[in-house]
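Reading through the structure tokens given below for one structure.
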Amino acid sequence: MSLQNNKIRISNKKLSNIVTINCIFLILLFSINSHTNAQTPKKRVVMISIDGTPDYLIDKFLDDGTLPADGAFARMKKKGAYAETVLPINVASTGPSHISIFTGASPSKTGIVGNTFRNNKQNWSSPKLSAFSQPIAAETIFQAAMRQGKKVMTLAGVGLDYTNKNRMTDYMHMYPVISGPSLIMDLEITDTIFNQMDTESFIKLKTTTKSPSKAIFEVSGNFKMPLYFYLKDRMFNPMYLPNQPTEIFIDTDTDFKNGYSAIVNSQSWTGMEIEKNGKKYNTSFRILKADEKAGQFLLFMTAPAEVYGSPNGFLEKLQSNCGLWPGEPENRKQTTGMVSEKIWFEQLDRLAKYSKDLIITGMKEKEWDLLFGYFSTLDDVQHRYTLTNSRQMDYKADNGNRPKIYAEYIKKRFQIIDNYLLDIFNTAPKETNFVIFSDHGMIPIHTTLIINNYFEQAGFNDSNQNITAVSSGTAAHIYINKEKIKAIDYEKLLNKLTESLKSLKDNKTGESIFKLVANQQQQKKYGLYNKDYSGDLFVSCNAGYSISDKLLPKVNFFVQNSFDPKMFESENEATKNFLLNGTMNETGRAVHGCLATFREGQPIFYAIGPDVPKKELKNFYSLQIAPTVAKLLGIKPPMNAEQKSSF
């Protein structure tokens with residue numbers, strides 16, 4: 001009995017020793033795992049697109065000190081990876097370029113063959129398609145990351161919206177969609193006065209008979225909502241001070257006493273959000289002129305834009321930190337003089353700061369692996385203010401000083417973006433890798449070719465719907481109407497059209513307008529041919545020329561372009577109207593859409609972070625960006641990617 005008990009005691013002792021050893025082993029294993037996890041933090045990548053940034057300008061500004069030696073670009077060049085040359089796709093415009101960057105695939109695979117284009121299967125009278133809304137035929141880096149278990153946040157970008165689940169990410173702030181007209185309202189006081197609590201008085205305002213716009217908040221094709229305005233009567237307040245700013249209260253119903261929607265003062269902007277039919281719209285107000293003694297005011301409202309965020313509550317969280325979407329710069333109203341240059345730059349700079357704030361706020365969220373942010377600032381300012389070609393209409397304006405003045409505008413915005421990148425770098429989690437890129441550069445423009453006008457005047461009868469061109473800045477797809485042109489006549493027309501375009505020359509210099517005139521077989525060499533969307537011909541201009549696809553019978557097919565009405569005041573009314581209403585990538589002083597070989601049209605690529613080698617990259621392709629991001633994330637690249645990681 002005692003022996004048996006002794007055996008039991010021995011067995012218990014052995015068991016105790018075994019348990020102790022196992023516990024020690026588990027503690028050591030946990031310690032090793034904890035140490036390993038501490039040494040291998042979560043991989044994170046922030047992608048930032050700085051739309052329209054030319055590589056040659058970054059190089060120039062780093063060399064001449066415009067961008068400081070301790071700035072973001074200098075830091076990336078010194079401590080990270082950068083491309084000496086970036087070759088974009090051969091229709092380097094915002095829509096197709098971004099989609100190809102996101103997918104790593106050329107337009108031939110994505111189906112996005114231009115900023116605008118046609119479907120070869122659609123009825124001839126059907127509207128043009130847009131790169132910004134057209135379905136993408138290839139997997140994006142965002143889809144690839146989510147498919148492989150990563151959390152993705154996108155804060156505005158091409159092809160990112162709620163129209164299809166493949167265009168959505170785990171967290172997203174859709175780039176707002178302009179949904180209605182901006183307003184310039186000339187207001188005057190009425191006899192209607194509201195008193196509140198014997199301390200405040202408000203005078204109702206109304207639009208004058210000469211007001212450029214009616215006081216109606218409109219979402220085109222959806223709804224119209226009257227706006228009501230009330231001036232705060234400062235003279236009524238016993239605490240009145242003469243230097244106080246003018247305040248106008250904005251309401252969306254007739255009962256002012258039940259509250260108001262927004263207040264704008266004469267010294268700053270204010271935002272307003274309208275929710276209707278399950279959608280949200282943001283706009284901003286600015287008092288342009290205020291004369292309280294005369295009772296006259298000029299109020300500006302930016303174009304309403306639909307805003308969207310996902311999941312529920314994410315948009316509200318962003319707005320609580322960043323405010324409401326401030327709106328895009330009003331280009332056409334600046335051209336016509338309804339909005340001043342000062343106000344245009346206020347809009348530009350407000351949007352730049354908002355874009356930065358979105359990225360910084362997004363990075364503070366815990367659950368993300370890949371974050372995408374976007375700046376349109378440099379694209380906007382260069383479209384409007386690039387003045388470097390002596391043939392540009394206003395090159396000698398302001399006693400020859402305008403190019404220098406405009407160059408300073410551009411330099412300042414490059415410096416702002418450089419500073420904002422530093423703010424972002426300094427706020428990011430330490431384990432973050434950054435990939436900074438642009439979609440294209442900018443080509444200075446002196447002449448716009450209204451290509452469908454040319455077809456009409458050359459006898460190709462565009463107005464009879466035999467052919468049409470759809471433009472993307474300096475390039476265009478040209479489609480032959482196979483519903484009208486018999487198969488037997490097709491090759492003859494195609495050849496005649498090809499020769500006509502190749503022989504088209506500048507009527508002042510004799511220079512050929514087009515660098516490339518390519519049929520569908522030739523388009524394959526440039527990664528542009530897609531059987532469903534590519535034109536029968538594709539044309540791309542030499543430097544200095546842009547393309548408009550309008551058809552304007554009373555306008556010459558060659559037009560010198562400018563945004564200054566004084567420069568074209570001697571033109572006929574049809575030409576004036578064309579230039580006053582031209583889009584940025586049509587009649588801009590700088591335009592994109594060029595072939596990859598144009599130096600001024602080549603974009604940037606920089607990267608910096610704990611997993612990024614210090615390296616100069618030669619002959620870098622924009623299609624390498626998505627595979628490079630995938631490698632930094634530790635995942636496989638998008639399924640249709642054509643290139644490999646750059647490091």
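The values are calculated or read from the model by the stated rules, or taken from the named source; none is laboratory data. In this text, all values refer to a predicted model and were calculated from it rather than measured experimentally. With ideal geometry, Cβ positions are generated from the backbone for all residues, glycine too; neighbour counts draw on all protein chains shown. These area figures cover heavy atoms from the full protein model, side chains too; ligands, DNA and RNA do not enter into them. Shrake-Rupley method; radii C 1.70, N 1.55, O 1.52, S 1.80 Å.
Using a Förster distance of 35 angstrom, determine the FRET efficiency expected from the C-beta separation of ASN258 and ILE405, and round it to 0.05. Mind showing how you got there, number by number?
Working: r = 49 Å, r/R0 = 1.41.
Computed FRET efficiency for ASN258 and ILE405 comes out at 0.10.
Would you mind getting the Kirkwood hydrodynamic radius of the chain from its Cα pairs, rounded to one decimal in Å? The partial results should precede the final answer.
Numbers: mean 1/r = 0.0364 Å⁻¹.
Kirkwood radius, the chain: 27.5 Å.
Please give the charge dipole size of the chain, origin at the Cα centre, charges +1 on K and R Cβ atoms and -1 on D and E Cβ atoms. Round to the nearest 20 debye.
On the way: 77 positive and 65 negative charges, 544 e Å.
Dipole of the chain, to the nearest 20 debye: 2620 debye.
Give me the one-decimal nm value for the distance between modelled label points at ASP532 and SER320, 7 Å along each residue's Cα-to-Cβ direction.
4.2
For MET639, what accessible area in Å² do you get when you roll a 1.4 Å probe over the heavy atoms of the protein chains, rounding to the nearest 10?
Per-residue accessible area (MET639): approximately 140 Å².
With a cut-off of 8 Å between alpha carbons and a minimum separation of six or more residues, what is the relative contact order of the stretch 179-307 in percent? All intermediate terms of the calculation are to be shown ahead of the outcome.
Working: 290 pairs, mean separation 32.9, N = 129.
Dividing the mean separation by the residue count of the stretch 179-307 yields 26 percent.
Rounded to the nearest 0.05, what FRET efficiency do GLN457 and GLN148 have when you use their Cβ-Cβ distance and R0 = 51 Å? Display every interim value, and only then the final one.
Working: r = 55 Å, r/R0 = 1.08.
Rounded to the nearest 0.05, the efficiency is 0.40.
Enumerate the amide H contacts of LEU288 below 5 Å, restricted to partners 5 or more residues apart or on another chain; note that Pro and chain-start residues carry no placed amide H.
Hits under the 5 Å cutoff: LEU298, LEU299, PHE300.
What distance in nm separates the two pseudo spin-label positions at LYS342 and ASN581, each 7 Å out from Cα along the beta-carbon direction?
Modelled inter-label distance: 3.0 nm.
Using only Cα atoms, what is the ratio of the radius of gyration of the stretch 445-590 to 2.2 N^0.38 Å?
Working: Rg = 15.3 Å, N = 146, 2.2 N^0.38 = 14.6 Å.
Normalised by 2.2 N^0.38 Å, the Cα Rg of the stretch 445-590 equals 1.05.
Kindly provide the trypsin sites (Lys or Arg not before Pro) of the stretch 303-366 that DSSP labels as loop, not H, G, I, E or B, and whose Cβ sees at most 13 other Cβ atoms within 10 Å. Could the numbers behind the result be given before it?
Details: sites: LYS317, ARG332, LYS333, LYS342, ARG350, LYS353, LYS356, LYS364, LYS366; in loops: LYS364, LYS366.
Answer by residue number: LYS364, LYS366.
Place a point 7 Å from the Cα of GLU365 along the Cα-to-Cβ direction; which residues of the stretch 140-175 have their backbone N under 11 Å from it?
Zone members listed by number: 151-156, 169-174.
Go through the stretch 515-580 and name the GluC sites (Glu not before Pro) that are in a DSSP coil and have 10 or fewer other Cβ atoms within 10 Å of their Cβ. Mind showing how you got there, number by number?
On the way: sites: GLU569, GLU571, GLU573; in loops: GLU569, GLU571.
Answer by residue number: GLU569.
How charged is the neighbourhood of LEU231? Take every other residue with its Cβ under 13 Å from the Cβ of LEU231, and add Lys/Arg as +1 and Asp/Glu as -1.
Working: positive: LYS204, LYS206, LYS232, ARG234, LYS293; negative: GLU188, ASP191, GLU200, ASP233, GLU247, ASP251, ASP291, GLU292.
It works out to a net charge of -3.
Hey, can you find the accessible area per residue of the stretch 179-307 for me, probe 1.4 Å, expressed in square angstrom? Numbers along the way, then the final one.
Numbers: 6620 Å² over 129 residues.
I get 51 Å² per residue for the stretch 179-307.
Please state the shape class of the stretch 179-307: rounded when a/c is under 1.5, otherwise prolate if a/b exceeds b/c and oblate if not, all from the C-alpha gyration tensor. Write down the numbers at each step before the final one.
Working: a/c = 1.91, a/b = 1.64, b/c = 1.17.
Judged from the Cα gyration tensor, the stretch 179-307 comes out prolate (a/c at least 1.5, a/b above b/c).
If the chain between ASN619 and ALA69 were fully stretched, how many nm would it gain, using 0.36 nm times the residue separation less the Cα-Cα distance? Let's see the in-between values first.
Working: separation 550, 0.36 × 550 = 198.00 nm, distance 2.50 nm.
Result: 195.5 nm gained on full extension.
Quick one: which of LYS79/LYS636; LYS128/LYS333; LYS492/LYS550; LYS165/LYS279; LYS279/LYS366 span more than 21 angstrom between C-alpha atoms? Present the calculation step by step, with values, prior to reporting the outcome.
On the way: LYS79/LYS636 26 Å; LYS128/LYS333 25 Å; LYS492/LYS550 25 Å; LYS165/LYS279 18 Å; LYS279/LYS366 28 Å.
Pairs exceeding the cut-off: LYS79/LYS636; LYS128/LYS333; LYS492/LYS550; LYS279/LYS366.
So what's the back-of-envelope 222 nm ellipticity for the chain, counting only DSSP H runs of four-plus at -39500 (n - 2.57) apiece and dividing by all residues, rounded to 500?
On the way: 17 runs with 197 residues, N = 647.
The helix-only estimate for the chain comes to -9500 deg cm²/dmol at 222 nm.
Defining a contact as two alpha carbons under 8 Å apart and six or more residues distant in sequence, what relative contact order in percent does the chain show?
Values: 1378 pairs, mean separation 157.8, N = 647.
Across the chain, relative contact order equals 24 percent.
Considering only DSSP beta bridges where both residues belong to the chain, give the percentage that are antiparallel (nearest 5). Display every interim value, and only then the final one.
On the way: 78 of 106 bridges.
Around 75 percent antiparallel, to the nearest 5.
Which FRET efficiency value, to the nearest 0.05, is calculated for LYS128 and ASN195 with the Förster distance at 45 angstrom and r the Cβ-Cβ distance? The partial results should precede the final answer.
On the way: r = 55 Å, r/R0 = 1.23.
Given R0 = 45 Å and the Cβ-Cβ separation, E is 0.25.
The stretch 98-202: which chymotrypsin sites (Phe, Trp or Tyr not before Pro) are DSSP loop and have at most 16 other beta-carbon atoms within 10 angstrom? Walk me through the numbers before you get to the answer.
Details: sites: PHE102, PHE117, TRP124, PHE132, PHE142, TYR162, TYR171, PHE194, PHE202; in loops: TRP124, PHE132, TYR162.
Sparse-neighbourhood loop chymotrypsin sites (Phe, Trp or Tyr not before Pro): TRP124, TYR162.
Find how much the distance from SER570 to LYS430 grows on full extension, using 0.36 nm per residue of separation minus their present alpha carbon separation; answer in nm with one decimal. Walk me through the numbers on the way to the answer.
Details: separation 140, 0.36 × 140 = 50.40 nm, distance 5.92 nm.
So the extension gain works out to 44.5 nm.
What does a probe at SER310 reach in the stretch 272-287, counting residues whose amide N is under 13 Å from the point 7 Å along Cα→Cβ?
Of the residues in the stretch 272-287, none has backbone N under 13 Å from the label point off SER310.
Of the DSSP beta bridges with both residues in the stretch 445-590, give the percent that are antiparallel, rounding to the nearest 5. Don't skip to the answer; put the middle values down first.
Values: 19 of 23 bridges.
Counting DSSP beta bridges with both partners in the stretch 445-590, the antiparallel share is about 85 percent.
Cα gyration tensor of the stretch 98-184, axes a ≥ b ≥ c as square roots of the eigenvalues: rounded (a/c below 1.5), prolate (a/b > b/c) or oblate? List each step's numbers first, then the result.
On the way: a/c = 2.39, a/b = 1.21, b/c = 1.98.
In terms of gyration-tensor shape, oblate.
If ligands, DNA and RNA are left out, what is the accessible area of ARG147 with a 1.4 Å probe, given in Å² to the nearest 10?
Taking all protein chains as shown, ARG147 has close to 130 Å².
So, with a 1.4 angstrom probe, what is the percent of accessible area on the stretch 179-307 that is carbon and sulfur?
Of the solvent-accessible surface of the stretch 179-307, carbon and sulfur hold 46 percent.
How large is the accessible surface per residue of the stretch 479-635, computed with a 1.4 Å probe and reported in Å² as a whole number? Let's see the in-between values first.
On the way: 7100 Å² over 157 residues.
That works out to 45 Å² for each residue.
How big is the accessible area of LEU504 in square angstrom, nearest 10, if you roll a 1.4 angstrom probe over the protein chains?
10
What does the net charge come to around LEU187 if you take all other residues with beta carbon closer than 14 Å to its beta carbon, with K and R at +1 and D and E at -1? Display every interim value, and only then the final one.
Numbers: positive: LYS204, LYS206, LYS210, LYS214, LYS232, ARG286, LYS289; negative: ASP186, GLU188, GLU247, ASP251, ASP291, GLU292.
Value of the local net charge: +1.
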